[in-house]
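Shown next, in structure tokens, is the structure this report addresses.
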Amino acid sequence: MEELISKAAEDLARASHAVALTGAGISTESGVPDFRGPDGIWTKNPEMEKKAYQTYHTFLKDPVAYWKETLKNPFRKTLLAVRPNPGHYALAELERTGAIKAVISQNVDNLHRKAGSQRILEYHGSVDKLRCLSCGLRHNRGGL
Ligand SMILES: [Zn+2]
């Protein structure tokens, strides 16, 4: 393991445009459950995975019903309450020192931003932001 860490550090030091790519694994230590791990949300309840893929269509069909369901979802409350862990802070520090240029994440938990990362590409969106379907603008959720 030490050898792999040394090799990663050498590669990072030599890179001219390094980025960090993160997924659910970085946030499990913060208490955010992953989806497909041994205790993952979808591993334990495969019906939840099917339901997740239908969410967007449910929203388009009946936005009021979608929001009523979403606002009482306990997973959403977990995402709003969790705090960054040393992994998130380490990536923020690597960005501050210039060792990485950005974080690209599939996570929606906003923990990279809470840890201080500035350049974050959240390709599944963020629990903290909404996008207007009419004009495409992103808005802060404001604690919703
Ligand atoms: Zn708009």
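The values are calculated or read from the model by the stated rules, or taken from the named source; none is laboratory data. No experiment lies behind these values; they were computed from the predicted model shown. Because the Cβ atoms are built from the backbone with ideal geometry, glycine has one as well, and the counts that use them run over all protein chains shown.
List, please: which pairs have Cβ atoms under 8 Å, are six or more places apart or on different chains, and start with a residue in region 116-144 that is of a type in the set (Gly, Ala, Ser) and end with one that is within 14 Å of the ligand (Cβ to nearest atom) and assigned to a strand (DSSP E or B)?
Gly125/Arg131
Based on what the data block shows, is Ala65 small (Gly, Ala, Ser), at negative phi and exposed (fewer than 12 other Cβ atoms within 10 Å of the Cβ)?
Numbers: small (Gly, Ala, Ser): yes; at negative phi: yes; exposed (fewer than 12 other Cβ atoms within 10 Å of the Cβ): yes.
In short, yes.
Looking at region 53-71, is at least one residue among the polar types (S, T, N, Q) and closer than 28 Å to Leu12 by Cβ? Show your work before the answer.
So in region 53-71, the residues among the polar types (S, T, N, Q) come out as 54-55, 58, 70.
Those left that are additionally closer than 28 Å to Leu12 by Cβ: none.
No.
Could you say whether any residue in region 71-81 is over 18 Å from Glu122 (Cα atoms), among the small types (Gly, Ala, Ser) and outside any helix (DSSP H, G or I)? Spell out how you get there, then give the answer.
Within region 71-81, the subset over 18 Å from Glu122 (Cα atoms) is 71-75, 77-78, 81.
Within this subset, residues satisfying the condition of being among the small types (Gly, Ala, Ser) are 81.
Those still in the list that are outside any helix (DSSP H, G or I) too: none.
No, that holds for no residue.
Residue-wise test of (1) touching a His at 6+ places or on another chain (Cβ under 9 Å); (2) more than 28 Å from Ser16 (Cβ to Cβ).
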site	(1), (2)
Ala99	no, no
Asn107	yes, no
Leu111	yes, no
Ser117	yes, no
Leu130	yes, yes
Asn140	no, yes
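Inside region 36-57, can you point out the residues that are modelled with pLDDT of 90 or more, polar (S, T, N, Q) and surrounded by fewer than 12 Cβ atoms within 10 Å (Cβ to Cβ)?
Across region 36-57, the qualifying residue is only Asn45.
Give me a count of the residues in region 107-143 that are of a type in the set (A, V, I, L, M) and more than 16 Å from the ligand (Cβ to nearest atom). Break it down stepwise before answering.
So the first thing to find is which residues in region 107-143 are of a type in the set (A, V, I, L, M), and the list is 108, 111, 115, 120-121, 127, 130, 133, 137.
Going one step further and asking which of them are more than 16 Å from the ligand (Cβ to nearest atom), we end up with 108, 111, 115, 120-121, 127.
The qualifying residues number 6.
Here's a check for you: in region 1-41, which residue that is among the basic types (Lys, Arg) and not in a loop (DSSP other than H, G, I, E, B) is nearest to Ile104 (Cα to Cα)? Working first, answer last.
Step one: filter region 1-41 for residues among the basic types (Lys, Arg), giving 7, 14, 36.
Now drop any that are not not in a loop (DSSP other than H, G, I, E, B), which leaves 7, 14.
Values: Lys7: 22, Arg14: 20 Å.
The qualifying residue nearest to Ile104 (Cα to Cα) is Arg14.
Quick check on region 88-97. Is at least one of its residues farther than 14 Å from Val19 by Cα, more than 16 Å from the ligand (Cβ to nearest atom) and either more than 13 Å from the chain's Cα centre (by Cα) or part of a loop (DSSP other than H, G, I, E, B) (or both)? Even if it seems obvious, please write down each step before you answer.
Going through region 88-97, the residues farther than 14 Å from Val19 by Cα turn out to be 89.
Filter once more, keeping what is more than 16 Å from the ligand (Cβ to nearest atom): 89.
Then keep just the ones that are either more than 13 Å from the chain's Cα centre (by Cα) or part of a loop (DSSP other than H, G, I, E, B) (or both); that gives 89.
Yes - at least one qualifying residue is present in region 88-97.
With the condition kept exactly as written, say whether any residue in region 45-63 is in contact with an Asp or Glu (Cβ under 7 Å, 6 or more places away or on another chain), within 16 Å of the ligand (Cβ to nearest atom) and without any contact (Cβ under 8 Å) to a residue 40 or more places away in the chain.
Step one: list which residues in region 45-63 are in contact with an Asp or Glu (Cβ under 7 Å, 6 or more places away or on another chain), which gives none.
No.
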